[in-house]
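Everything on this sheet refers to the single structure shown next.
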Amino acid sequence: MEGKRDSFRVSTSDDLEVSTYLEIAKEKGGEQPIPEKAPEVDRGAVVVIDFGSQYSMLIARRVRECRVYCEILPHDAPWQRVASLKPRGFIFSGGPASVYEPGVPLAPSYVYETHLPILGICYGMQVLAHQLGGKVALGTKHEYGHAILHQGDVESPIFADLPPSLPVWMSHGDQILEMPPGFTVLGYTENSPIAVMGNEYGIIGLQFHPEVAHTPQGKEILKNFLYRICGCSGNWTPASFIAESVERIRKQVGGGRVICALSGGVDSAVTAALIHRAIGDQLTCIFVNNGLLRREEAERTLNTFQRNLKMNIIYVDATERFLQRLEGVVDPEAKRRVVGEEFIQVFEEEAAKLGRVDFLAQGTLYPDVIESTTPESKASAKIKTHHNVGALPTKMTFSLIEPLRYLFKDEVREVGLELGMPEEMVWRQPFPGPGLAIRIIGEVTKDRLEILRAADWVVMNEIKKAKLYRQLWQSFAVLTDTRSVGVMGDFRTYGHLVAIRAVTSEDAMTADWARLPYDLLARISNRIVNEVSGVNRVVYDICSKPPSTIEWE
Ligand code: XMP
């Protein structure tokens, strides 16, 4: 016979009585000062409090996949910033620190004062234990990798619709020795007697990582927290994002004029389409053809925006200017600098012709925002400077509009489709701002650009025919500065060497070379040497990133 299970009270309403856990924490001398009065909270999103975990971004992505809006904020974010999101709950990320060391990051007291549900993950769980009066110490047994989690006797909505035992992914050395008062064990593993804990106010700690793919039911657990414990309804969709953004953009812009640099890439394209939806002809796009684009790229981009989306576009063919400035330039960073500077100059000249412009729209995405605010990014070594098309011109004074600032790439694509953009544009692989200039080793000349364009055309064509285009992060040709001997007919040739690069990646930070089928590689190689004059050898790049990078320069 099954033993009786206590039911677990969930806090989703505003009318929570004064939270006992805070009272007890106070008595126990919990670390954070606990002010008497809870601040007013209007509820909406879920906030991920970041303690420096490598998985914080992943947590946010998983939450968004559940159609709940969320943002990652540092553990020392001011309350006003959090309040503006109208939180419905908090998730504490993992982190590299140990809660019992001095000066480590802890949760701000306002989180507890809101009386909202909290999900602490790994270090986040230990923060909960530590701040609410429990005890954390270095574990006698560490747990890294797979473990089997068994549910405890107390029923909790966090495990609703899940089996009594499930595989989870662990990565911790510290352990909870004593739970804070009011908490119950909700789950355990062989090495962690307290692998999941919770109290009746919807505060839950998970020692394992529900956000990683190695915890197969992790998303169900997150969903349970979001829907059943925080009371979110999962109504954050591309359509609701568009409606909200349109309203916000209209308010921000008023009767002003906006310009946007189009690169042909998905980020600037969706930015422009979204702003166009909001303010129509108050938006003017500037599309600079730098002469470093792929075959037919300029025509296709113009077609989409002018014909399909009916936007105001200024098209500038600046090919000659860019190529002149690139004459004799062989250093990759120098190429980037030249292309970046020239772009800003052309852009500023065109913008000046428009008269008064109030706003500049940019396709900044959430990973860029997060990266530029994390301490690691400041400390990390510079490998390549990435010239962003649409980088802020230096001499002009605009306000910035960045409507995609809080979206991940896949969400941008969904928004693009919802806005009616063609799939071909929405699913375009990333293309670097300096374009083909950094895919030609050595000097960039018209002839060499033509060779690369022709080879690249074959690659793109064959990859699309093989229906692999979307699966690959990027696939392209590189024109090397190596020449090699070949034989065509009865003649000796001394031709160019073209390299093919195709990689899979989640975010370009790391990448693996794609295991393309041999017969596909054979077709690509065969077509290139037959169709591109001057090329007599093709090689396939089989290096991952790291140690290589995706681009050759
Ligand atoms: P790497 O070569 O550093 O590239 O592995 C990572 C991603 O960034 C793109 N990339 C650039 N994008 N300006 C850009 O706008 C650049 O200078 C630049 N360099 C590399 C690259 O295509 C890949 O997606």
Between segment 142-187 and segment 237-316, the Cα center-to-center distance that results, in Å: 48 Å
Rounded to whole Hz, the Karplus (6.51, -1.76, 1.60) HN-Hα couplings of segment 294-300, x for glycine and proline: 6, 4, 6, 5, 4, 4, 5
Equivalent ellipsoid semi-axes - Cα gyration tensor, segment 238-426, angstrom: 26, 21, 17
Charge dipole of the chain about the Cα centre (unit charges at C-beta), most positive-ward option of Cys122, Ala499, Gly265: Ala499
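Which value, in debye to the nearest 20, describes the size of the charge dipole of segment 238-426 about its Cα centre when Lys and Arg Cβ atoms bear +1, Asp and Glu Cβ atoms bear -1, and nothing else is charged?
About 360 debye.
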Rough spin-label spacing in nm, given labels placed 7 Å along Cα→Cβ, for Leu302 and His142: 6.0 nm
Two-site label geometry, Arg470 and Ala334: point separation in nm, points 7 Å out along Cα→Cβ: 4.3 nm
Extended-chain gain in nm, criterion 0.36 nm per residue less alpha-carbon gap, Gln80 and Asp541: 161.0 nm
Over 32 Å (Cα to Cα) - which of Lys409/Lys465; Lys219/Lys465; Lys86/Lys353; Lys219/Lys251 fall in this group: Lys219/Lys465; Lys86/Lys353; Lys219/Lys251
Set of aspartates and glutamates with alpha-carbon distance to Lys310 below 16 Å, sequence-local pairs under 8 removed: Asp281, Glu299
Listed residue (Pro332, Thr304, Pro432) projecting farthest to the positive dipole end of the chain, Cβ model: Thr304
Antiparallel bridges, percent of DSSP beta bridges restricted to segment 445-540 (to nearest 5): 75 percent
Positive-end residue of Ala466, Ala137, Ile221, charge dipole of the chain with Cβ unit charges: Ala466
Using alpha-carbon coordinates, inclination of helix 518-531 to the longest axis of the chain, degrees: 30 degrees
Magnitude of the charge dipole, the chain, Cβ model with Lys/Arg +1 and Asp/Glu -1, debye to 20: 1400 debye
The chain - Kirkwood radius from inverse mean 1/r over Cα pairs (Å): 26.3 Å
For segment 445-540, size of Cβ-based charge dipole, Lys and Arg +1, Asp and Glu -1, in debye: 180 debye
Segment 445-540: translational diffusion in µm²/s, Stokes-Einstein, Kirkwood Rh over Cα pairs, 4 °C, 1.567 mPa s: 93 µm²/s
Anchor Lys223: aspartates and glutamates whose Cα lies under 13 Å away (excluding residues fewer than 8 positions away in-chain): Glu65, Asp161, Glu211
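Among 143-149, 123-129, what's the highest-first ranking by average C-beta atoms within 10 angstrom per residue?
123-129, 143-149
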Surface accessible to a 1.4 Å probe, His150 within the full protein complex, Å²: 60 Å²
Listed residues His276, His142 arranged by accessible area, highest first, probe 1.4 Å: His142, His276
Label-point separation, Asn530 to Thr237 (7 Å along Cα→Cβ), nm: 4.8 nm
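On a full-extension model of 0.36 nm per residue, what is the gain between Val485 and Glu155, subtracting their alpha-carbon distance, rounded to one decimal in nm? Kindly include the intermediate steps, with their values, before the conclusion.
Details: separation 330, 0.36 × 330 = 118.80 nm, distance 7.29 nm.
Contour length minus Cα-Cα distance gives 111.5 nm.
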Amide N of segment 258-294 lying under 18 Å from the label point, which is placed 7 angstrom from the Cα of Lys353 along Cα→Cβ: 258-263, 283-291
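Let me check something: with ligands and nucleic acids excluded, how do Met509, Met197 order by accessible area (1.4 Å probe), largest to smallest?
Most to least solvent-accessible, the answer reads Met509, Met197.
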Relative contact order of segment 238-426, pairs being alpha-carbon contacts under 8 Å that are 6 or more residues apart, as %: 30 percent
Residue-averaged 222 nm ellipticity for the chain, from DSSP H runs of 4+ at -39500 (n - 2.57), nearest 500: -9000 deg cm²/dmol
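The values are calculated or read from the model by the stated rules, or taken from the named source; none is laboratory data. Note that this is a predicted model, so its numbers are computed, not measured. Glycine gets a Cβ as well: all are built from the backbone with ideal geometry, and neighbour counts include every protein chain shown. Accessible surface areas use protein heavy atoms only, side chains included; no ligands, DNA or RNA. Shrake-Rupley method; radii C 1.70, N 1.55, O 1.52, S 1.80 Å.
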